[in-house]
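K.L.:
Here it is, the structure, as structure tokens.
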Amino acid sequence: MNNELECLLKEAFPDTVCEIVSEFQEDGLTNQDYIITVDNNRYAVRLGRRNAYELGINREGEYAALKAVAEAGIGAEVVYFSVETGNMVTKYIDGVKWKAEDTKEVENMERIVSVMKKVHELPEIPYHFSPYKDINYRIEYARKNNLYLPADIEILVAGMKEIQRERKKYEALYTGLCHNDPFPNNYLDDGTLRLIDWEYSGMGDIFFDLAIICMPFRKEQKEEFLMKYFGDCNEENLSALKQMEYIVTLWNAMWAVMQLRLSQGEGSVNYKDISDYLFSEARNIMNIIL
């Protein structure tokens, strides 16, 4: 057990004198994750990344969202949380992480709709998430640190700004508490469908969540999903979904660019290839909608 994990567990379980057993989890991209056993009870532990703020992660916002979704039965119960370090302990949920194919099943699509509507209707928390702000920050960060940016980045940003202006018109209608990272691997199914990894959560445009969910869907599946969520699938909602697919793709492309510096020497993920692919996808979407 490393020293940081040992210190965290002493803070989280100060009255425990028995042996604590830990298991390292290898699927965390930006944090160190463990499953621990204390007095025959299992917990999920995260050692937060110290430079999380550089990725636009707000720990106060995350903690507020975690408490809200735990009370709603959507997330895990928080046992310990540090807004300074991002270190966290939650009760372990013995569930199955979904893959992209799982989200396409009609029954599961209905379950996703049910969960996301609950999330989007939860009371407001004191933190706003803006993918536009994140993208701008990441581009400036890349420039300051001489990181890779595509030659047409200004064209891509111009497309983003046009969408931002358009979405501003609908802010009052479509603002809610959002997860902002509801990719399939962040669903946990233990009979009840739950969402984990709330690092990017905050008040924002619900179409950002919906766009992430619909990314792997065919056109008719996207229409079916919108019908289930809104009770209608009109051109306005289809247009909003496509616009936010562009924003999601550009946001993730710039996340990958940031990792070129923040993850140097960590693992074997080729973030340059990932960013190239995502920039190409963003161009494809922009050619359709702009």
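K.L.:
Given charges of +1 on the Cβ of Lys and Arg and -1 on the Cβ of Asp and Glu, with all other atoms neutral, how large is the dipole of the chain about its Cα centre, in debye to the nearest 20?
P.N.:
On the way: 32 positive and 49 negative charges, 174 e Å.
Here the size comes out at about 840 debye.
K.L.:
Shifting gears a bit: Using +1 at the Cβ of each Lys and Arg and -1 at the Cβ of each Asp and Glu in the chain, identify which of 112, 279, 151 lies farthest towards the dipole's positive end.
P.N.:
Value: 151.
K.L.:
Roughly what % of Cα-Cα distances in segment 99-239 sit above 28 Å, to the whole percent? List each step's numbers first, then the result.
P.N.:
Numbers: 2380 of 9870 pairs.
Considering segment 99-239, 24 percent of its Cα-Cα pairs are separated by more than 28 Å.
K.L.:
In addition: Nearest 0.05, what FRET efficiency do residue 155 and residue 41 give at R0 = 51 Å with Cβ-Cβ as r?
P.N.:
Working: r = 53 Å, r/R0 = 1.05.
Calculated value: 0.45.
K.L.:
Hey, another quick one. Give me the orientation-averaged projected area of the Cα convex hull of the chain, in nm², one decimal. Please list the in-between numbers first.
P.N.:
Details: hull surface 62.1 nm².
Its average projected convex-hull area is 15.5 nm².
K.L.:
Still on this structure: Tabulate in residue order the Karplus-calculated ³J(HN,Hα) for segment 130-143, using 6.51 cos²θ - 1.76 cosθ + 1.60 with θ = phi - 60°, rounded to whole Hz; enter x for Gly and Pro.
P.N.:
10, x, 5, 4, 4, 4, 4, 4, 5, 5, 5, 4, 4, 5
K.L.:
What whole-number value in cubic angstrom gives the convex hull volume per residue for the C-alpha atoms of segment 152-213? All intermediate terms of the calculation are to be shown ahead of the outcome.
P.N.:
Details: hull volume 6.3 nm³, N = 62.
Considering the Cα atoms of segment 152-213, their hull volume per residue is 102 Å³.
K.L.:
For segment 188-290, state which trypsin sites (Lys or Arg not before Pro) are in a DSSP loop and have at most 11 other beta carbons lying within 10 Å of their beta carbon.
P.N.:
Values: sites: 194, 218, 219, 222, 228, 242, 261, 272, 283; in loops: 218.
Hits after loop and neighbour filter: 218.
K.L.:
Starting at the first residue of segment 183-188, write each ³J(HN,Hα) from the Karplus equation 6.51 cos²θ - 1.76 cosθ + 1.60 with θ = phi - 60°, in whole Hz, x for Gly and Pro.
P.N.:
Karplus values, whole Hz, x for Gly and Pro: 6, x, 6, 9, 9, 10.
K.L.:
How big is the shadow of the Cα convex hull of segment 71-141, averaged over all directions, in nm²? Don't skip to the end; give the middle numbers.
P.N.:
Numbers: hull surface 30.3 nm².
Reported value for the Cα convex hull: 7.6 nm².
K.L.:
Could you work out how far apart the two model spin labels at residue 261 and residue 185 are, taking each label as a point 7 Å from the Cα in the direction of the beta carbon, and quote it in nm?
P.N.:
In this crude label model, residue 261 to residue 185 measures out at 2.4 nm.
K.L.:
Another question, then. Using a Gaussian network model on the chain with a 10 Å cutoff between Cα atoms, which of 170, 63, 34 fluctuates the most?
P.N.:
Comparing 170, 63, 34 in a Gaussian network model of the chain, the most mobile one is 170.
Read-outs throughout are calculated quantities, based only on the coordinates presented, and are distinct from any laboratory measurement. Just so we're clear, the structure is a prediction, and the values are computed from it rather than from any experiment. With ideal geometry, Cβ positions are generated from the backbone for all residues, glycine too; neighbour counts draw on all protein chains shown.
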